[in-house]
1. Rounded to the nearest 20 debye, what is the charge dipole size of the chain about its Cα centre when +1 sits on each Lys and Arg Cβ and -1 on each Asp and Glu Cβ?
2. Using the Kirkwood formula on the Cα atoms of the chain, what hydrodynamic radius do you get, in angstrom to one decimal?
3. For E267 and Y618, what does the FRET efficiency come to when R0 = 30 Å and r is the distance between their Cβ atoms, rounded to the nearest 0.05?
4. For a label point 7 angstrom out from the Cα of R642 toward its Cβ, which stretches of the range 132-152 have the backbone nitrogen within less than 14 Å?
5. How far, in nm, would the chain grow between R495 and Y30 when pulled straight, counting 0.36 nm per residue and subtracting the alpha carbon separation?
6. Each label point is 7 Å from the Cα along the Cα-to-Cβ direction; what then is the distance between the points at R562 and D546, in nm?
7. How about K207: which aspartates and glutamates have a C-alpha closer than 13 Å to its C-alpha, ignoring those fewer than 8 places off in the same chain?
8. In the chain, with Lys and Arg counted as +1 and Asp and Glu as -1 at Cβ, which of these residues, V279, L312, Q348, has the Cα nearest the positive end of the dipole, that is, farthest along it?
Amino acid sequence: MSSPAAVPAALAVLEGVLERITYANEENGYTVARVDTGRGGDLLTVVGSLLGAQPGESLRMEGRWGSHPQFGKQFTVENYTTVLPATIQGIRRYLGSGLIKGIGPVMADRITTHFGVDTLDVIETEPKRLIEVPGLGPKRTKMIAAAWEEQKAIKEVMIFLQGVGVSTSIAVRIYKKYGDASISIVKNEPYRLAADVWGIGFLTADKIAQSVGIPHDSPERVKAGLQYALSQSTDQGHCYLPEEQLISDAVKLLQVDTGLVIDCLAELAVDEGVVREKVPPQEGGEGDPVTAVYLVPFHRAEVSLAAQTQRLLRTQEDRMPGFRDVAWDKALAWLAGRTGAELAPEQQAAVKLALTEKVAVLTGGPGCGKSFTVRSIVELARAKKAKVVLAAPTGRAAKRLAELTGAEASTVHRLLELKPGGDAAYDKDRPLDADLVVVDEASMLDLLLANKLVKAVAPGAHLLLVGDVDQLPSVGAGEVLRDLLADGGPVPSVRLTRIFRQAQQSGVVTNAHRINSGLQPITQGLPDFFLFVEDETEDAGRVTVDVAARRIPAKFGLDPRRDIQVLAPMHRGPAGAGALNGLLQQAVTPARPDLPEKRFGGRVFRVGDKVTQIRNNYEKGQNGVFNGTVGVVTSLSLDDQRLTVLTDEDEEVPYDFDELDELAHAYAVTIHRSQGSEYPAVVIPVTTGAWMMLQRNLLYTAVTRAKKLVVLVGSRKAIGQAVRTVSAGRRCTALDHRLAGRIERSRTTAQTAP
C-alpha cells in the first residue's frame, strides 16, 4: 500500500526587517536570508525568491513554515511585498542600507534624528526640506530625491517582473533602458528585451512573453528563437550555422513544427534579419556547398575582412619602400650589433617578410624566439624612420609588448578609439597614421575586432600579426589567425619551430611543447613545473587554493594577488573558477569589520579584490572597458553606492552598485579568459570533473600563460585525457574560403529551398 502524500504546510504571513542575505543564486533568484521579526530572540531564516529585496527593508512575506534537517526551522517565501518601516530605528536602518544613493549609515542617522518618524513622508512629499539636515547641501538633496523616485519606479517594475523570475539587476537594467515605458514594453514587445538589454537572453524574454500571453507558435517568437540560436552559436565561436543545423536547433529550442521554422527563417532572410549564402563545406573543402546562415553583423564583418585584407595585399603603394632593395646581409649584421644576438634563419625570413610584404603572419610556440623577432623587426623599421604602431588585444599583452620593444603599445580597442556602440574612430576613411602595425597575441582576435583593425590600416602600410596558432582560438566568433594561415590562402607567413637553448632549460617551455606534441608533461625533477596528485575533484579544489594562497608565496615569495593566477578548465564545479574564487577571496582578501563590503547577487566585493570585466561596455572609461579586462578594487563607498577598479591598463574606472553584474572575481579565471595574459606563476586544477573540457589546446594555452612556474593539481588520468584529446572540429567560418576566392559574392535568395 502506498504511503499517504505529505500534506503541505498552510500558507502563512511573516513580517520582519531583512537583516542580511547569506546566499543568493544570480541565475534563478533563490535566496537565503535572515530577518528580524522585532519580537526579540534570534534572527529567523527565510528562503525563496526574494528578488529586489535589500537589507534594511521591512518585508511582508507569504509562504510556508518548514524545517531543514541541518539548519532547523525556516520560512519558505512564495511572494513578498515591501512595507515602509514605521519606527525611527527601522527607518534609520532602511535608509542606511545603501538602498538610496547619497544616504549611508551616518547620513541616515542625521536625517532620522532631524525628522523622526516623519522622515519618509518628508523624502516622499517635501524632499527640499532635506536641506535642513546638517551636512546636506542642495546638490545631494536633489540626488536623494531623484534616487527615491527611481527606486519607486524600479520597485513597480520589479513587482511586475517578480512572477517571471527576473533578477534584481536585470529589472534595474530594464528600467534604465526604457524608463516609464518599461512595463508597456515588457507586456507588448518582450522579445525586444533579448536584443536591447544586456543580461537578458531569449530564454528569459520567452518566459516573460509566455506570462503575458504571447502564443507558443507566434512567428515573432520563432524569429526571435532563430536569432537566439545563431547568437548562441557565435558565443561558441561560430560565424554561421549550416541551415539544416540551425533549423534542427530551433525546432528543439522552440518545440514547434519544422515547417513553421523554415517559413520564419525565409521571412527573416527577406527582412534582412539574417543572411543566407552558399559556402564550401568546412572540413577539407570537398563535397557540395552548404547553405550558411549568418547574423548580419558577422556576415558583413567576414566579407569586409577578406576584402580589406586583399586590398592591403594588392595595393601598389608602399609606405616602407626602403626595404624593397635593401642589402639584407648588411642590415642583419647592423641589427646583430644593436641587439647583441644573431637571428636564426627562420627568424631572418620572418623579418624580411614583415618588412617587404603588406600583410604577414608570424607564428610559433614558446621559446622559439617570436618576441626577439618582433623586436628585430621594430628596430629595423625604426632605423628607416618608419612610423611603427604596436597593439595587442589585452592590457597585459600590450604592456609586455611595450617592455619588449621599448616603444609605446596599446590595446587594439584603444588604438582604434572604439566609441559607444562599437564604432571606431579610425577606419577605412580615417586610417591610422602608421607605416607598420604590429599586433601581438593575434590568436585572440575575433572576427569583429579583426575587421575593425584591418579596415583602419592605411593602403601601403604593413600589417604584421603575431601569435601562437596552437593556442585556443578567440573567445569571440571566428578563427581569424588560423584562417589567415590556411593552405592556398594569399597571406604569407613564417612558423618558428626551433626552441632556443636557453628556453630548453625551462620546464614550462619543454612541457608546453610536449603537450602540444601529444606527450605527457614531465612532472618530476624540474624546478619550475610541479604536479600535486589529487584524484577527487573536491580535494583538488582545496589543494589548488592552498597552493595559490599559501604554498607558492611561502616558497617563491610571489604575491598571491599580483603574481599568481589560478586557471580552471571550466567555471562550474568544486574545482571550477566560480567555487575557487570564493575560497581564494576568503584566503587572500578576507572580511574585516573595519572595511566596508558590498554583497551583490552571489558575490561579495571588498577593497583589494582582484576582479575582471565580463562584457564589452563602450560607455565606461576613456575608450570603453572590455571583456577580460582585469583590475583591483581600490575604493568602495556605501554612501555613494560605488566602487572603483584600477585596471591593468592603469585606468581608474568607477562602477555604480547596480552595475556590479559586469564584474566577477578574478583570483581564478577560466583558461579561455586568460588568453593574451601572462603571469609569473599559474596553478591549474586538472580534474575528471572537467572531462568534457579537457583538450590539448586548452592545457597548452594554460601552461603557456606562465613565465616562471606551473603547478598542476589533479589526476594523472585527467592530464592524460587533456593531452590525448585534439580539439573536436573547426569552427564554422568561411574567411579562409573568401580569402582564397572560393566564394562568389552573390547571396542565396530568400526563396532558395532550405
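1. 1800 debye
2. Taking the inverse mean of 1/r over all distinct Cα pairs, the chain comes out at 28.9 Å.
3. With a Förster radius of 30 Å, E is 0.45.
4. Only 140, 143-144 fall inside the zone, counting backbone N under 14 Å.
5. Extra length from R495 to Y30 when fully extended: 162.2 nm.
6. Those two pseudo-labels are separated by 2.8 nm.
7. E189
8. Q348
The values are calculated or read from the model by the stated rules, or taken from the named source; none is laboratory data. Computed from a predicted structure; not experimentally measured. Virtual Cβ from ideal backbone geometry, glycine too; neighbours counted across all protein chains shown. Areas reflect the complete protein model, heavy atoms only, side chains present, ligands, DNA and RNA absent. Shrake-Rupley method; radii C 1.70, N 1.55, O 1.52, S 1.80 Å.
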